[in-house]
Amino acid sequence: MIRSTSIILLASVVAAGACGERALAQTLPTAIDCYRVATNSQDIDAYMACFADDALMIDVSREFRGREKICAWALREVIPHGDSFGHRKILEGDDGYAKTEVKWLSWVVHYSYWWDKDGKITKMSLQYAD
């Protein structure tokens, strides 16, 4: 009985994984994947490596331009909670642009990314979902 229960439990876990978020994952553009990995790992150096030198970060209505200002903002507001970041899906996109839906802390929000030919983020806009 224990063996068959274990097999059923294992099969349930495998099936849940096959139907879960990972199974539905999209291939992410380099800029978005860089942001996701660096944010989840709470690594400020990796996080900043995702951005172009003159990047613009728009957090709802606040703007942070350049690596120094983005870094200071990220150390206060992103990195401490980075492990709560979850990419959900790309809502729209084109060459060098994508609007995504993400889970951040307890909110569902829209992150829009613009990136250059090297895959560095040149502009990001973080807005509450409608």
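Points to keep in mind about this one:
- Segment 101-115 - phi-based ³J(HN,Hα) in whole Hz, Karplus 6.51/-1.76/1.60, Gly and Pro as x: 10, 10, 9, 10, 6, 9, 10, 9, 9, 10, 10, 9, 10, 10, 9
- Cα-based reach from LYS103 at 23 Å (exclusive), listing lysines while leaving out same-chain residues under 8 positions away: LYS89, LYS120, LYS123
- Kirkwood Rh in Å, taken over all unlike Cα pairs in segment 27-128: 13.2
- When segment 27-128 is described by a simple charge dipole with +1 on each Lys and Arg Cβ and -1 on each Asp and Glu Cβ, the residue from GLY82, CYS34, ALA52 located farthest towards its positive end is GLY82.
- Residues LYS123, LYS99, LYS117, LYS89, sorted so that the one with the fewest Cβ neighbours within 10 Å comes first: LYS117, LYS89, LYS99, LYS123
- Considering only alpha-carbon pairs that sit under 8 angstrom and 6 or more positions apart, the relative contact order computed for segment 27-128 is 28 percent.
Readers should treat all values here as calculations from the given coordinates under stated rules, not as data from a laboratory. Since this is a predicted model, take the numbers as computed values, not measurements. Neighbour counts are summed over all protein chains in view; Cβ atoms, including those assigned to glycine, are modelled from backbone coordinates with ideal geometry.
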